[in-house]
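The values are calculated or read from the model by the stated rules, or taken from the named source; none is laboratory data. Small disclaimer: the values here were computed from a predicted structure and weren't measured. Here Cβ is always computed from backbone atoms with ideal geometry, including for glycine, and neighbour counts include all displayed protein chains. Accessible surface is based on the protein model in full, side chains and every heavy atom, while ligands, DNA and RNA are left aside. Shrake-Rupley method; radii C 1.70, N 1.55, O 1.52, S 1.80 Å.
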Amino acid sequence: MRDSLPLQWSSVFAVAIVFCQLAAGATGSTTPTPLEALDQALLHDILEAYTTHQPSICNSSVTGPATSFSFNWPDTNPDSNWYDTFIPFEEKTFQAIMSHTDDTPGDIDRSWSIRVGTGGNIYSHYAPGLHGETMPPQKHAYSPWIDEVQQSVAVNTVLNKNDDFSQYCPVYSDTDKSTCKPYFIHQAGAYQEDAPYTDVPFISPSLARHCEGNSCAFASWGTSAHVATPFTSPIMYVNKYTNCGDGIIEHTQMIHNFADPSNPASTTTNVDQTYFNVGWGGVRSSSLPYALEPDPTAGTLSYDDVNDVDYLPICKWGSDGASAGRGQRKELNQLGGYTSFVADGLLVNQTSTPIQTWCRKDTDPTCADVNTCMVATCTDADIANGYTRIELKVPANSSPNCIKHVVWNGLISLQCNMRDLGFGKSFPFLSSSEPCAPWTNIGFYNSITGEGVDVAFVRHWSFSPNNRRVYFAVYETDEQAAKDLVNGIFNNVGNSNPLPIEIRPTSNVPEVPAGYDPSSLPAFTYVYGKGPQYGDGVDGRSRRRLGSTEQGTHARDYTVFTINWYGSSRLEAGSTYTNRAYMIASDLGSVETTAGALVSETFADEMGPELYSPRTVNIYRSGAANFVVVAAAAAQGTSTSCASSGASLVCSGTSTPKSGNVPFFYVTCGTSTYLGPDPYHFTPSFGGSFPGHGTITNPVRSYLCDGQDTSIRPTWKMMGFFDASNVGCASLVATTDMTHDDTVCDAVASSSPSKNPTSSPSKMPTSQPSKSPISTSSPSQGPTKTPSNSPTDAPSSSPSKTPTRQPSKSPISTSSPSQGPSKQPSNSPTDAPSSSPSKMPTRQPSKSPISTSSPSQGPSKQPSNSPTD
């Protein structure tokens, strides 16, 4: 039986503080992670310990055995086909891999693996039995795994590109705000825009992580995307991924504004976030070219009738207004609750408009100014008034004489003689025949023979008036094969007339194939719900947006998909937003049933710290600068323990946001360390202090360690939430190089014995005997490892397993001889001889020698002081 989605509430569990705990059935990395017990407590409580929390619908007892995870780098997946230039950066991006194994016989394989970056965001979703890699290939300049991934984004719209704040604008004018710095806080990381400091990408740092059972959870510190930036970031992202079975991932995302509300710098202008992507994501266009959504009223999803497919036009990103039809940006309450992206093979009957080339203006008939003489479109009336449209043709008695232009994303881009002279620069950048149907292709066809070639990309219809070249790429990776293909199809040698070339869409299917059934096509679905909480508990509105960066083997191959929280949305200092949604890897045929059932399970909420019921988190200090952080063992627990008498409790806090408490971070920069509320402690001076900002001339570079080599990057860990004004907590902040030490609370064996006896025997013997032995009512339960300094008043009831190091000061006569000879002689002679000779002679002769009735059985090893009679 498939581990199908159990639509029932699972019980809320209390997290025991155990090191690197793995739930039964799940498999995970056995390498312990630093501060694992604390991470587990903090993540559990932030995600679940608030009054309006809704438990997961995913039953861990069912899906736990099918879940695996690891924090160990598994090497790059070659089948993900990442952009080669950025592959070396993946290992630094990686934090964890989590997988679901679907082993149901004879069924569609819904197995998946996700890779999670240090920002806690998914940067790879791989479905080996379906469409392969879901995420785009990362061929976006300066953006390796920090933009085209699944992540949350927060924006301060007051500060974003606002020329009212000249300190954030290098150059600005009343009409151009583009030079004013953007304010975007990425969950994933920063663009490589601050060379040389970001030549190695700065991926948002992990604050906490924990995997067990069927889920993994992560906390991270959000990073200003556009660096160098004048802005600081008060944003913490928390994400949990739960395996629900059937290819379903339950995704809980949180955004917490950790700026201190009591800090005078925490003004609404400085720290409030007012626009959000929850989340920002999308798919690889070439793998999943189609987007479908159900009927908002009926909830049905149509796809098998080519004349009635619930598909969305996918227009260029930003062109999703009313002209985009069903693909326009829409409020969630106007939609059906989910969007499904489908693999190639789906048939959609639509009318394609003719593909038009660029035109030369009538005002510059020779293109004397190659930069201004061309326009993208022209009408029949324009042509009648002197405009000229480019016509593709091969001159009479000629070959296209194609030569290589560039290698474009692995494909050969050619320049071929296929037009008239006299045309200037044009930039169509076409990869589809329809602007809002990126799955449609372009074909160049020989108008005489009917032969054609599929075109991957048209870069320029023309570029110079002095040649006849058209610049385009074909689906060939070998240069000679590409040239031979085009030169062969369009060879016009021997023809006294020019050869016209037709430009056609190549995706038209003249008739539906017999037995056509798209239900088995792979699909990837985002379930986001209808947003009933927005405007009713959560201020603001929510909408769905999508758009294309152009599809296919080209620069980005990315279809953008995002959910916005916007309008009157506002996340103030101390507040937290949460959102639960789902991602599904499946076949198209099961989408309506599976996704439809999850629409009502989504939710969103915004809460203040008063809704949390945290556990206690305490900081114990030992010596000058060593500390350990200990969380109560149970949810809402109020006490902790520390076995070391050398450690003292100096600061008490909570596992979640609380009024008066702010997160404390443990920050390292090389060998320097810091414990406290300022994540910018080691950042080079920016002329201000958090949560205030820097300026355009004094930027904030959190990825540098002040005074250290630029190759050294800081690290951050969240320790809990504390009152920075508390005397004990403040003493930790004021101490230089506070160092976390897991052993601070460990029990340590004493170097000297106790002054007074304990009520029960020690588990470990002392290294020295007691100076003042105490008589006990009963003998020791076990022999001591070293003898007493003073003899007891009476002999033991049984002989010692280890003889005393010194003889008794007052020997006692026994009723029978010793069971074994003494290893050392007595200090005083006995009154009667032993029944058997000593194995070792005495060190001193007897003071009063005794006559024996018979001679010694063996000679003495040392002579007597006095002769015998």
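Taking only the alpha carbons of segment 239-304, what extent do you get along each of the three principal axes, in Å, biggest first?
Largest to smallest, the principal-axis extents are 60, 30, 26 Å.
Using only Cα atoms, locate the centre of segment 339-356 and the centre of segment 445-498, then give the distance between them in Å, rounded to an integer.
So the separation of the two Cα centres works out to 25 Å.
Quick one: plug the Kirkwood hydrodynamic radius of segment 400-458 (C-alpha pairs) into Stokes-Einstein at 25 °C, 0.890 mPa s, and report D in µm²/s. If you can, show how the numbers build up before the last one.
Details: Rh = 13.3 Å.
After rounding, the answer is 184 µm²/s.
Roughly what would the spin-label model give for Thr297 and Thr697, points 7 Å off Cα along C-beta, in nm?
6.3 nm
Rounded to the nearest 0.05, what FRET efficiency do Thr353 and Tyr142 give with R0 = 45 Å and r taken as the Cβ-Cβ distance? Could you check? Display every interim value, and only then the final one.
Numbers: r = 35 Å, r/R0 = 0.78.
Result of the calculation: an efficiency of 0.80.
Work out how much length Gln334 to Val512 would gain on full extension: take 0.36 nm times their residue separation and subtract the Cα-Cα distance, in nm to one decimal. Spell out each step's value before the answer.
Details: separation 178, 0.36 × 178 = 64.08 nm, distance 3.23 nm.
Between Gln334 and Val512, full extension yields 60.9 nm more.
Which whole-number percent gives the relative contact order of segment 150-232, counting Cα pairs below 8 Å spaced six or more residues apart? Can you show the working numbers first?
Numbers: 149 pairs, mean separation 22.6, N = 83.
Contact order relative to length: 27 percent.
How much net charge surrounds Asn270 when only the other residues with a Cβ under 12 Å from the Cβ of Asn270 are counted, with Lys and Arg +1 and Asp and Glu -1? Spell out each step's value before the answer.
Details: positive: none; negative: Asp260, Asp272, Glu572.
With Lys, Arg at +1 and Asp, Glu at -1, the neighbours total -3.
Please list, by residue number, everything in segment 375-406 whose backbone N is under 19 Å from a paramagnetic label point 7 Å out along Cα→Cβ of Ser496.
394-399
Figure the gain on full extension for Val158 and Arg326 (residue separation times 0.36 nm, minus the Cα-Cα span) and round it to one decimal in nm. Present the calculation step by step, with values, prior to reporting the outcome.
Values: separation 168, 0.36 × 168 = 60.48 nm, distance 3.13 nm.
Gain on stretching Val158 to Arg326: 57.3 nm.
Provide the gained length on full extension for the span Asp539 to Thr85, in nm with one decimal, where the gain is 0.36 nm per separating residue minus the Cα-Cα distance.
Values: separation 454, 0.36 × 454 = 163.44 nm, distance 4.27 nm.
Computed gain between Asp539 and Thr85 is 159.2 nm.
In square angstrom, what is the accessible area per residue of segment 210-357 with a 1.4 angstrom probe?
On the way: 4300 Å² over 148 residues.
Ligands and nucleic acids excluded, the result is 29 Å² per residue.
From largest accessible area down, sort Ser447, Ser711; use a 1.4 Å probe on the protein chains. Please report the intermediate quantities before stating the final value.
Details: Ser447 50, Ser711 90 Å².
Order by accessible area, largest first: Ser711, Ser447.
Of all DSSP beta bridges located in segment 508-634, what percent are antiparallel, nearest 5?
Numbers: 25 of 26 bridges.
About 95 percent, rounded to the nearest 5.
What whole-number distance in Å separates the alpha-carbon centres of segment 653-730 and segment 527-545?
34 Å
For Trp408, enumerate residues with amide H under 5 Å from its amide H, sequence gap 5+ or separate chain, H modeled in the peptide plane.
Ser413
Report the accessible area of Asp102, computed with a 1.4 Å probe over the heavy atoms of all protein chains in place, in Å² rounded to the nearest 10.
20 Å²
Going down the list Lys161/Lys240; Lys92/Lys483; Lys361/Lys393, which pairs span over 30 Å between their C-alpha atoms? Working shown, then result.
Working: Lys161/Lys240 32 Å; Lys92/Lys483 41 Å; Lys361/Lys393 20 Å.
Lys161/Lys240; Lys92/Lys483, as the Cα separations exceed 30 Å there.
Would you please give the residues with an amide H less than 5 Å from that of Asp246, counting only those at least 5 places away or on a separate chain, with H modeled from the backbone geometry?
Asp3
From a point 7 Å beyond the Cα of Ala625 in the direction of its Cβ, which residues of segment 632-670 have a backbone N at a distance under 16 Å?
Residues passing the 16 Å test: 666-670.
Using packing as a proxy for protection, rank 416-424, 88-96 so that the peptide with the highest average count of other Cβ atoms within 10 Å comes first.
On the way: 416-424: 20.7, 88-96: 19.0.
Going from most to least packed, we get 416-424, 88-96.
How big is segment 47-194 in terms of Cα radius of gyration and Dmax, in angstroms?
In Å, with Rg to one decimal and Dmax whole: 20.2, 66.
List the residues of segment 411-443 whose backbone N lies under 13 Å from a point placed 7 Å from the Cα of Ala481 along the Cα-to-Cβ direction.
411-412
Which value, in Å² rounded to 10, gives the accessible area of Ser352 with a 1.4 Å probe and all protein chains present?
Approximately 30 Å² of Ser352 is accessible to the 1.4 Å probe.
Arrange the residues Arg284, Arg326 by how much accessible surface each exposes, largest first, with a 1.4 angstrom probe. Don't skip to the end; give the middle numbers.
Working: Arg284 20, Arg326 80 Å².
The residues order as Arg326, Arg284, largest area first.
Using a basic spin-label model with each label point 7 Å from the Cα along Cα→Cβ, how many nm lie between Thr710 and Thr269?
3.3 nm
Using only the Cα atoms of segment 540-695, what do you get for the radius of gyration and for Dmax, in Å?
22.9, 66
What number comes out for the charge environment of Asn257, summing +1 per Lys or Arg and -1 per Asp or Glu over other residues with Cβ under 13 Å away? Walk me through the numbers before you get to the answer.
On the way: positive: Arg570; negative: Asp260, Asp272, Glu572, Glu606.
Taking every Cβ under 13 Å from that of Asn257, the sum is -3.
Over all alpha-carbon pairs in segment 264-345, figure out the percentage whose distance exceeds 21 Å.
Numbers: 1388 of 3321 pairs.
Every Cα pair in segment 264-345 considered, those over 21 Å come to 42 percent.
For segment 289-335, just list the percent of Cα-Cα distances falling in each 5 Å bin from zero outward, please.
Reading the bins upward from 0: 5, 21, 26, 27, 15, 6, 0.
Please list Arg360, Arg389 from largest to smallest accessible area, probe radius 1.4 Å, with all protein chains kept in place. Kindly include the intermediate steps, with their values, before the conclusion.
On the way: Arg360 35, Arg389 55 Å².
Descending order: Arg389, Arg360.
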